[in-house]
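**Q** This structure is in structure tokens; I'll ask about it shortly.
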Amino acid sequence: MRSIAEALASMLPAFTPLGEEELHLTEASGRYLSREVTARFDSPPFDNSAMDGYAVHAADVQGAAQDEPVELLLRGESRAGGPLPSPLEPGAACRIFTGAPMPVGADAVVMQEDTEQSGDRVRIAEASPRAKHVRAQGSDVSSGATLVRPGDRLWPGELGLLASQNIDRVHVYRRPTVALLSTGDELRALGEELEPGAIVNSNVYVLTEMLRSLGVIPVALPAARDNLPEIETALRKALQADVVITMGGVSVGAYDFVHEAFANVGIEPGFWKVRIKPGKPLAFAQHEGKPVIGVPGNPISAMITFEVLVAPCLRKMLGDPRPHPQPVMARLRNSYRRRPGRVEIARAVASREGDELVVALHDRQGSGSLPSFVGINALVILPADKAELSRGEQVEAILWGPGLRSDRSAFDGMD
Ligand code: AMP
Ligand code: MG
């Protein structure tokens with residue numbers, strides 16, 4: 001049986017980015033870039049003022065002070081988006097506002113607060129050395145500089161930078177389609193009548209949402225019943241997608257037909273079973289190189305194997321150069337006893353307590369209990385060989401879902 005790391009090492013090579021597409025920037029949010037993008041022009045594109053005040057020749061106001069103000073001639077105005085100011089001769093000042101272009105010749109700005117205007121004169125009561133309060137052309141970005149690299153994801157910051165460079169189209173990796181095939185005679189769609197013995201196919205809604213939030217395109221197929229012909233037909237349809245995920249029927253029960261159905265439609269087995277708890281029966285296979293993953297039907301197993309084993313593969317396929325989970329260190333709030341052997345992924349609530357990140361394990365870690373996932377924001381990784389974990393121990397945790405809670409903040413008590 002493979003460890004989680006071995007399973008990932010076997011799976012990841014089958015997930016390669018699909019190639020690129022060119023999108024308008026407004027359509028590309030959350031996508032991974034496939035090409036480097038360089039600056040089209042200097043930013044700021046021209047020298048401009050960082051303050052409301054007066055543009056001056058620094059040399060003219062060198063000796064200016066509160067008790068020894070320098071008087072300059074007022075010459076024109078420069079405002080953001082207004083007409084370009086005329087060149088400024090020595091001995092003169094130009095009224096200027098934040099973001100407005102500096103007049104040619106001016107090399108410093110004096111803050112409005114250090115000035116007094118009367119008629120066509122302005123008194124400067126503070127020296128302003130060269131370049132003071134001036135945002136120099138190219139000081140933020142110089143033309144040709146790298147803005148983003150392949151594999152960078154377009155978060156609002158990246159988007160803003162590209163927009164500021166008037167880059168309206170970007171090349172990003174294509175989003176894979178991922179077929180979701182549930183199996184089980186007992187499964188019914190949401191809202192359908194539940195006769196005795198039937199249950200709602202809750203996994204399909206959970207995994208659809210997990211796929212959507214990763215950024216891939218979920219394609220939920222109608223659930224297949226537990227018989228070979230039906231599963232095979234559904235699998236052939238599912239294979240039209242870039243990746244296939246089946247749910248359920250992958251264990252050793254008499255009605256677990258997924259392995260056999262894989263074989264019958266030419267899906268070649270890769271591995272079966274991983275030393276993970278919950279989620280041991282996970283299967284990985286390929287059809288002409290196309291990845292097919294069978295996750296267990298148990299709702300908690302399905303979610304956990306998805307997060308730990310499937311999501312990294314899909315992130316890689318989306319173009320993420322660091323697709324593995326990125327755990328943080330946290331202190332265990334409660335002690336925990338367990339049967340060693342498999343790495344256990346335990347549901348927990350993580351919160352900041354003072355300087356520390358603390359994780360409280362949910363007291364129900366059974367693999368069928370959906371209420372135990374409500375409010376969960378961390379999956380704690382309990383090492384395979386440990387039978388006992390004590391309160392206060394450091395563990396690794398994958399932050400998940402609704403985000404971290406904090407018992408305090410730098411904003412508390414701020415005026
Ligand atoms: P299986 O992996 O098919 O043996 O299913 C294990 C358990 O998970 C059984 O109790 C199933 O009823 C349940 N189950 C399987 N598939 C789903 C699903 N799509 N949604 C909710 N529960 C499921
Ligand atoms: Mg089943």
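**Q** Only one of 190, 211 is within 11 Å of ligand 1 (Cβ to nearest atom) and within 31 Å of the chain's Cα centre (by Cα). Can you tell me which? Full working, then the answer.
**A** Details: 211 fails: within 11 Å of ligand 1 (Cβ to nearest atom).
Criteria check complete, one pass: 190.
**Q** For a quick check of your reading of the model, give me the residue pairs whose first member lies in the range 238-249 and is within 17 Å of residue 187 (Cβ to Cβ) and open to solvent by 10 Å² or more (accessible area, probe 1.4 Å), whose second is within 16 Å of ligand 2 (Cβ to nearest atom) and part of a strand (DSSP E or B), with beta-carbon atoms closer than 7 Å and at least 6 apart or on different chains.
**A** 249/183
**Q** Within the range 211-231, take every residue that is more than 16 Å from ligand 2 (Cβ to nearest atom) and assigned to a helix (DSSP H, G or I) and give me the one that is farthest from residue 286 (Cα to Cα). Don't jump to the end; show me each part of the working.
**A** Within the range 211-231, the subset more than 16 Å from ligand 2 (Cβ to nearest atom) is 211-220, 229.
Imposing the further condition that a residue be assigned to a helix (DSSP H, G or I) reduces the set to 211-214, 229.
Values: 211: 20, 212: 23, 213: 24, 214: 22, 229: 20 Å.
For the range 211-231, the residue satisfying everything is 213.
**Q** Touching a helix residue (DSSP H, G or I) at 6+ places or on another chain (Cβ under 9 Å), of a type in the set (A, V, I, L, M, F, W, C) and within 22 Å of residue 40 (Cα to Cα): which single residue out of 110, 148 fits that description?
**A** Details: 110 fails: within 22 Å of residue 40 (Cα to Cα).
Answer to the selection: 148.
**Q** When you scan the range 53-75, do you find a residue that is under 30 Å from residue 285 (Cα atoms) and polar (S, T, N, Q), even just one? Can you show your working first?
**A** Step one: filter the range 53-75 for residues under 30 Å from residue 285 (Cα atoms), giving none.
No.
**Q** For the range 59-127, which fully contained strands (runs of 3 or more DSSP E) count at least 2 residues that are touching a Cys at 6+ places or on another chain (Cβ under 6 Å)? Steps first, answer last, please.
**A** Working: elements: 70-78, 92-96, 108-111, 115-118, 121-124.
Filter on the range 59-127 gives 70-78.
**Q** Something else now. Tell me, please, whether a residue that is modelled with pLDDT under 95, open to solvent by 50 Å² or more (accessible area, probe 1.4 Å) and touching a Gly at 6+ places or on another chain (Cβ under 9 Å) can be found in the range 255-275.
**A** Within the range 255-275 (the criterion being modelled with pLDDT under 95, open to solvent by 50 Å² or more (accessible area, probe 1.4 Å) and touching a Gly at 6+ places or on another chain (Cβ under 9 Å)), the answer is yes, since at least one residue qualifies.
**Q** Every residue in the range 353-389 that is more than 10 Å from residue 300 (Cβ to Cβ) and part of a helix (DSSP H, G or I), please.
**A** 371
**Q** What about residue 297, is it touching a residue at least 60 places away in the same chain (Cβ under 8 Å), assigned to a loop (DSSP other than H, G, I, E, B) and touching a Gly at 6+ places or on another chain (Cβ under 7 Å)? Before you say what the answer is, go through the steps one by one.
**A** Working: touching a residue at least 60 places away in the same chain (Cβ under 8 Å): yes; assigned to a loop (DSSP other than H, G, I, E, B): yes; touching a Gly at 6+ places or on another chain (Cβ under 7 Å): yes.
Taking the combined requirement at face value, the residue satisfies it.
**Q** May I ask you to list the residues in the range 390-410 that are part of a loop (DSSP other than H, G, I, E, B) and either of a type in the set (Gly, Ala, Ser) or free of Cβ contacts under 8 Å to residues at least 12 places away in the same chain (or both)? First the steps, then the outcome.
**A** Filtering the range 390-410 for residues part of a loop (DSSP other than H, G, I, E, B) gives 390-393, 400-404, 407-410.
Across the range 390-410, the qualifying residues are 390, 392, 401, 403, 409, 410.
**Q** Further question on the same structure: Residues of the range 282-294 being open to solvent by 10 Å² or more (accessible area, probe 1.4 Å) and not in a strand (DSSP E or B), which ones?
**A** 288, 289 - these are the residues of the range 282-294 that are open to solvent by 10 Å² or more (accessible area, probe 1.4 Å) and not in a strand (DSSP E or B).
**Q** Kindly list the number of the only condition in (1) open to solvent by 20 Å² or more (accessible area, probe 1.4 Å); (2) more than 18 Å from residue 178 (Cβ to Cβ); (3) of a type in the set (Gly, Ala, Ser) that fails for residue 297.
**A** Answer for residue 297: the failing condition is (2).
**Q** Select from the range 248-281 the residues that are outside any helix (DSSP H, G or I) and away from ligand 1 (no atom under 16 Å from the Cβ) and list them in ascending order.
**A** Within the range 248-281, 265, 266, 267, 268, 269, 270, 271, 275 qualify.
**Q** For a quick check of your reading of the model, give me the residue pairs whose first member lies in the range 251-264 and is among the aliphatic types (A, V, I, L, M), whose second is near ligand 1 (Cβ under 10 Å from one of its atoms) and open to solvent by 80 Å² or more (accessible area, probe 1.4 Å), with beta-carbon atoms closer than 7 Å and at least 6 apart or on different chains.
**A** none
**Q** Of all residues in the range 15-29, how many are farther than 18 Å from residue 177 by Cα, open to solvent by 50 Å² or more (accessible area, probe 1.4 Å) and in a helix (DSSP H, G or I)?
**A** Going through the range 15-29 one residue at a time, the tally reaches 1.
**Q** Within the set of pairs 6 or more residues apart or between chains, which connect a residue that is at positive phi inside the range 210-230 to a residue that is assigned to a loop (DSSP other than H, G, I, E, B) and surrounded by fewer than 19 Cβ atoms within 10 Å (Cβ to Cβ) with Cβ atoms less than 8 Å apart?
**A** Partner pairs satisfying both residue conditions: 215/30.
**Q** Kindly provide the set of residues from the range 178-210 that are in a loop (DSSP other than H, G, I, E, B), open to solvent by 50 Å² or more (accessible area, probe 1.4 Å), in contact with a strand residue (DSSP E or B) (Cβ under 9 Å, 6 or more places away or on another chain) and within 16 Å of ligand 2 (Cβ to nearest atom), ordered by number.
**A** At the first step, the residues of the range 178-210 found to be in a loop (DSSP other than H, G, I, E, B) are 184-186, 189-198, 201.
Then keep just the ones that are open to solvent by 50 Å² or more (accessible area, probe 1.4 Å); that gives 185-186, 190-197.
With in contact with a strand residue (DSSP E or B) (Cβ under 9 Å, 6 or more places away or on another chain) added as a condition, the list becomes 186, 190-192, 194-195.
Correct list: 186 only.
**Q** Can you confirm whether residue 351 is among the hydroxyl-bearing types (Ser, Thr, Tyr) and under 26 Å from residue 295 (Cα atoms)? Give the steps one after another, and end with the answer.
**A** Values: among the hydroxyl-bearing types (Ser, Thr, Tyr): yes; under 26 Å from residue 295 (Cα atoms): no.
No, not satisfied.
**Q** Identify, by number, the condition in (1) without any contact (Cβ under 8 Å) to a residue 60 or more places away in the chain; (2) over 28 Å from residue 201 (Cα atoms); (3) of a type in the set (D, E, K, R) that residue 363 doesn't meet.
**A** (2)
**Q** Tell me, yes or no, whether the range 230-237 has at least one residue that is open to solvent by less than 40 Å² (accessible area, probe 1.4 Å), among the hydroxyl-bearing types (Ser, Thr, Tyr) and modelled with pLDDT of 95 or more. I'd like the intermediate steps shown before the answer.
**A** The first filter runs over the range 230-237 and keeps only residues open to solvent by less than 40 Å² (accessible area, probe 1.4 Å), leaving 231-232, 234-235.
After this cut, where a residue has to be among the hydroxyl-bearing types (Ser, Thr, Tyr) as well, the list is none.
Checked against the condition, which is being open to solvent by less than 40 Å² (accessible area, probe 1.4 Å), among the hydroxyl-bearing types (Ser, Thr, Tyr) and modelled with pLDDT of 95 or more, the range 230-237 yields no hits at all.
The values are calculated or read from the model by the stated rules, or taken from the named source; none is laboratory data. Given the structure is predicted, the values throughout are model-derived calculations rather than measurements. Please note: Cβ atoms are built from the backbone with ideal geometry, for glycine as well, and neighbour counts cover all protein chains shown. Side chains are part of the model used for accessible areas, which takes the heavy atoms of the whole protein and leaves out ligands, DNA and RNA. Shrake-Rupley method; radii C 1.70, N 1.55, O 1.52, S 1.80 Å.
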